[in-house]
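Have a look at the structure below before the remarks.
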Amino acid sequence: MNLPDAIGNRQIIEVLKEHPPIGEILNRYGIGCTACSIGTCLVQNVVSVHVLGDETEAKIENEINDYLESVTGE
């Protein structure tokens, strides 16, 4: 996943604390990171380990990037 500000290299639990809407995006695609109590997966890996296919992964990436753009203005 190509995400801004090195978010892809951060643990999902940290990112979800800072950006809860990313958890909502993932939940819509059946990726239950918000319910995980460990949260050590890197953001760039949480989508690929679910093997949803390239098209779905691209949609998730676009939604996350659109959200991040809306909050950062970049």
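Quick notes
- Residues satisfying the stated conditions in segment 3-55, i.e. closer than 17 Å to Ser70 by Cβ and not in a helix (DSSP H, G or I): Leu3, His19
- Of all the listed residues (Leu3, Leu68), the sole one being within 10 Å of the chain's Cα centre (by Cα) and in contact (Cβ under 8 Å) with a residue 40 or more places away in the chain is Leu3.
- Residue match in segment 2-11 (condition: among the hydrophobic types (A, V, I, L, M, F, W, C), in contact with an Asp or Glu (Cβ under 8 Å, 6 or more places away or on another chain) and surrounded by 15 or more Cβ atoms within 10 Å (Cβ to Cβ)): yes
- Scoring Cys33 on the criteria (1) modelled with pLDDT of 90 or more; (2) touching a Gly at 6+ places or on another chain (Cβ under 8 Å) leaves a single failure, condition (1).
- Scanning segment 17-40 for residues being within 17 Å of Asp5 (Cα to Cα) and crowded, with 17+ Cβ neighbours inside 10 Å gives a total of 2.
- Across segment 43-60, not a single residue is classified as within 11 Å of the chain's Cα centre (by Cα), farther than 10 Å from Met1 by Cβ and among the aliphatic types (A, V, I, L, M).
- Put simply, of Thr56, Thr72 the only residue that is exposed (fewer than 11 other Cβ atoms within 10 Å of the Cβ) and of a type in the set (Ser, Thr, Tyr) is Thr72.
The values are calculated or read from the model by the stated rules, or taken from the named source; none is laboratory data. A quick note: this is a predicted structure, and the numbers were derived from the prediction, not measured. All Cβ positions, glycine included, derive from the backbone under ideal geometry; neighbour counts span all protein chains shown.
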